[in-house]
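Trainee: Take a look at this one; I'll ask things after.
No value in this document is a laboratory result; all are computed from the given coordinates. Since this is a predicted model, take the numbers as computed values, not measurements. Methodologically, a virtual Cβ is constructed for each residue, glycine included, from the backbone with ideal geometry; neighbour enumeration extends over all protein chains shown.
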Amino acid sequence: MKSSLYRNLQRKIIAVTLAVSLAPLVILGLTIYSGFAQMARDKIEEQIRYRAMAQAEAVDLFLKERTAILCAMADTHTLCDMKDERKLSRILEVMNARAGAFVDLGVISNSGQHLAYVGPYDLRGLNYYQQAWFGEVMTTGLYISDVYMGYRQLPHFIIAVRRQEGSNTWILRATVDPDIFGGIVRSAQIGKTGDAFIVNREGIFQTRPRFGGDILSKWHFNPREFGRKTTVIEGLNGRGKKTLYAGCWLRNGKWLLVTTQEAAEEMSGLFGARNTEIALVACGILAIILTTIFTARMTVNHLRETDVRMNELNAQLVQSDKMAALGKMAAGVAHEINNPLAVILQKTGWMEDLLEESEFRDSENCQEFRESLHKIEEHVERARKVVHNMLGFARKMEPHMEDVDVNATLRQTISLLENYARNNNIEIITNLSQDLPIIASDQSRLQQVFLNLLNNAIDAIDKNGTIEVKSQSGNGLIHVDIKDNGRGIPKEEQKKVFDPFFTTKETGKGTGLGLWVSYDIVSKMGGSLGFVSQPGKGTTFTVALPVVAPEKK
């Protein structure tokens, strides 16, 4: 009947969870796609505009940095220094180390004569008086040229600064590496159809475009269609594809940085997002279904396990009631035994007094009588300790402190179990340190701990094995190791070893209280009880006891 109830509960959980989860997911998916599509349409133009503006700022910064370092070199060196080509070469090295992208460096007089040159081209002795850039530099003091061919017959552009030194006027000119400059511009290219390039006001390419054109060739668009701010224009590219053009002016309107992107590629992100969303929603639905089924089964299985656990707890409660009754009985038995023990001790004392009288003192068996009385008192004391332990279990009594020799306690405990171990072909090997100090502790309770641990070791071996008992002291502690080569404790059970009523023994062979009681006893003595176990190889329990001097007990 319970199985049928669990199956019906599982079906209801699955049905309700799916109904509540799937409808909102589908509605949410449609809403998100609609909003995302509208947002994407609004953002496409903004993105390409931002890309052009950001790249224009990067190019402007590049030119300003190179112009600044060229001005600094001109201001901090004399014409005499600059005319020395070894020093000029060193200056070029410094400029490239600081900023980079300089191809060559030249010093030109106010008459256009090349006074000194460092670079890969043969430009020494040339006169630039007729060059357009020369007049601009002499007039404005600072000039960045458009790309031109010049004497070297290769596309390049220069940065030149004028320096007035007394009555002498001279120009320091540097050529910017077109590959590095073009690479900076091209870094704004995105996707398969994206492009980025620079044109001047006449539409002449200053850097090489990715598609359809070359440096110093004419762009098919009119640059003057772009406004002063970053402007986005839609038109057809050289391949007849609808394209978005974003333009941003540089150098006070002398250059226009353009980034382009085909509209179809820009919209492909939206289509990809739509397909991704459909896939995500489908995966979400599938995940919800699988998770719901898994969760429902897990919940029902947990309920079943809880039922089983409750039955086990009920059994443990019954066992606890039995142990409580046993504790009460132990207290009663201890009380009943204490009375006869007191009488026996009283009578032995009276008999010892009698032996002091002359008629018995002179008897030839007097010494034998005394020894017998001593034996009686010794066993009465032993019985008294057993009674004390029973009361301690029943009433949770605190340890009774006395002078304890740990090695002697171990030997006494081993002697109690030696025959039992021998009958099971188990050898108990001792390795006891001879320099253990006498400590203040409770011998009977300590013996109970060792007895529990040795009993467990014998049960773990069952037949044919060895138990090693080792004692040693150090760092204010006495360590006692009880090692067996039995079956060991499974890893999943090791964390429950000290739990009350937990046992790995067969039903009827253990109550699950031995280690719990032992752990409690050692803890009250201020020590610790731990273990290391390897399944199939054995277990080592370690008792650590604080060294408490007898006079401090």
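Trainee: Give, in nm to one decimal, the length gained when the segment between Ile27 and Arg224 is fully stretched (0.36 nm per residue of separation minus the Cα-Cα distance). Please list the in-between numbers first.
Mentor: Values: separation 197, 0.36 × 197 = 70.92 nm, distance 4.82 nm.
That pair, Ile27 and Arg224, stretches by 66.1 nm at full extension.
Trainee: How big is D for segment 399-552, in µm² s⁻¹ as a whole number, if Stokes-Einstein is applied with the Kirkwood radius of its Cα pairs at 20 °C and 1.002 mPa s?
Mentor: On the way: Rh = 15.8 Å.
Answer from the Stokes-Einstein relation: 136 µm²/s.
Trainee: If you only keep lysine pairs separated by 8 or more in sequence, or across chains, how many in segment 399-552 come under 24 Å at the Cα atoms?
Mentor: For segment 399-552, the number of qualifying lysine pairs is 29.
Trainee: Filter the chymotrypsin sites (Phe, Trp or Tyr not before Pro) in segment 436-509 to those in DSSP coil with at most 12 other Cβ atoms within 10 Å of their Cβ, and list the result. Don't skip to the answer; put the middle values down first.
Mentor: Values: sites: Phe450, Phe498, Phe501, Phe502; in loops: Phe498, Phe501, Phe502.
In loop regions of segment 436-509 (DSSP not H, G, I, E or B), there are no sparsely surrounded chymotrypsin sites (Phe, Trp or Tyr not before Pro).
Trainee: Magnitude of the Cβ-charge dipole of segment 399-552, K/R +1 and D/E -1, about the Cα centre, nearest 20 debye? It would help to have the intermediate numbers written out before the result.
Mentor: Working: 15 positive and 18 negative charges, 85 e Å.
My answer is approximately 400 debye.
Trainee: At a threshold of 8 angstrom on Cα-Cα distance, excluding pairs fewer than six apart, so keeping six or more, what relative contact order does the chain reach in percent? Could the numbers behind the result be given before it?
Mentor: Values: 783 pairs, mean separation 50.3, N = 553.
Reported as a whole number, the value is 9 percent.
Trainee: Tell me whether segment 1-154 comes out rounded, prolate or oblate; compute the Cα gyration tensor, take square roots of the eigenvalues as a ≥ b ≥ c, and use a/c under 1.5 as the rounded threshold.
Mentor: Working: a/c = 5.86, a/b = 3.69, b/c = 1.59.
Judged from the Cα gyration tensor, segment 1-154 comes out prolate (a/c at least 1.5, a/b above b/c).
Trainee: Could you work out how much longer the chain between Lys537 and Leu286 gets when fully extended? Use 0.36 nm per residue separation minus the Cα distance between them, nm to one decimal. The partial results should precede the final answer.
Mentor: Details: separation 251, 0.36 × 251 = 90.36 nm, distance 4.69 nm.
That works out to 85.7 nm of additional length.
Trainee: Let me ask something else about it. Could you check the simple spin-label distance between Phe498 and Leu313, using points 7 Å along Cα→Cβ, in nm with one decimal?
Mentor: It is 2.3 nm.
Trainee: Okay, next question. Hey, with R₀ at 25 Å, roughly what FRET efficiency would Trp350 and Glu402 work out to, going by the Cβ-Cβ distance, to 0.05?
Mentor: Working: r = 27 Å, r/R0 = 1.07.
With a Förster radius of 25 Å, E is 0.40.
Trainee: In whole Hz, with x marking every Gly and Pro, tabulate ³J(HN,Hα) for segment 485-500 from phi via Karplus 6.51 cos²θ - 1.76 cosθ + 1.60, θ = phi - 60°.
Mentor: So the J values, rounded to whole Hz, are 10, x, 6, x, 10, x, 4, 5, 9, 5, 6, 9, 4, 8, 6, x.
Trainee: About the Cα centre of the chain, how large is the charge dipole given +1 on each Lys and Arg Cβ and -1 on each Asp and Glu Cβ? Please answer in debye to the nearest 20. The partial results should precede the final answer.
Mentor: Numbers: 65 positive and 63 negative charges, 786 e Å.
Around 3780 debye, computed over the chain.
Trainee: Right, next: Run through segment 192-242 and list the chymotrypsin sites (Phe, Trp or Tyr not before Pro) located in a DSSP loop whose Cβ has at most 16 other Cβ atoms within 10 Å. It would help to have the intermediate numbers written out before the result.
Mentor: Numbers: sites: Phe197, Phe205, Phe211, Trp219, Phe221, Phe226; in loops: Phe211, Trp219, Phe221, Phe226.
Here the chymotrypsin sites (Phe, Trp or Tyr not before Pro) that fit, given the DSSP loop and packing criteria, are Phe211.
Trainee: How far, in nm, would the chain grow between Ile293 and Arg210 when pulled straight, counting 0.36 nm per residue and subtracting the alpha carbon separation? Numbers along the way, then the final one.
Mentor: Details: separation 83, 0.36 × 83 = 29.88 nm, distance 5.49 nm.
Contour length minus the Cα-Cα distance gives 24.4 nm.
Trainee: Sequence-distant or interchain residues sharing an amide H contact under 5 Å with Asp177, placed H: which?
Mentor: Long-range HN contacts for Asp177: Phe102, Val103.
Trainee: For the chain, state the semi-axes of the equivalent ellipsoid (square roots of 5 times the eigenvalues of the alpha-carbon gyration tensor), sorted largest first and rounded to whole angstrom.
Mentor: Working: eigenvalues 2087, 325, 63 Å².
Three semi-axes, in Å: 102, 40, 18.
Trainee: Also, I was wondering about something else. Would you tally the net charge around Leu410, using a Cβ to Cβ cut-off of less than 13 Å, leaving Leu410 out, and scoring K and R as +1, D and E as -1? List each step's numbers first, then the result.
Mentor: Details: positive: Arg411, Lys470; negative: Asp405, Glu418, Glu468, Asp481.
Here the charged neighbours net out to -2.
Trainee: Using a Förster distance of 30 Å, how high is the FRET efficiency between Glu377 and Ile438, based on the Cβ-Cβ distance and rounded to 0.05?
Mentor: Values: r = 23 Å, r/R0 = 0.75.
The value I calculate is 0.85.
Trainee: Once the Cβ-Cβ distance between Ser89 and Asp42 is put in as r, and R0 is 56 Å, what FRET efficiency do you end up with, to the nearest 0.05?
Mentor: Values: r = 55 Å, r/R0 = 0.98.
Efficiency, from the Cβ-Cβ distance: 0.55.
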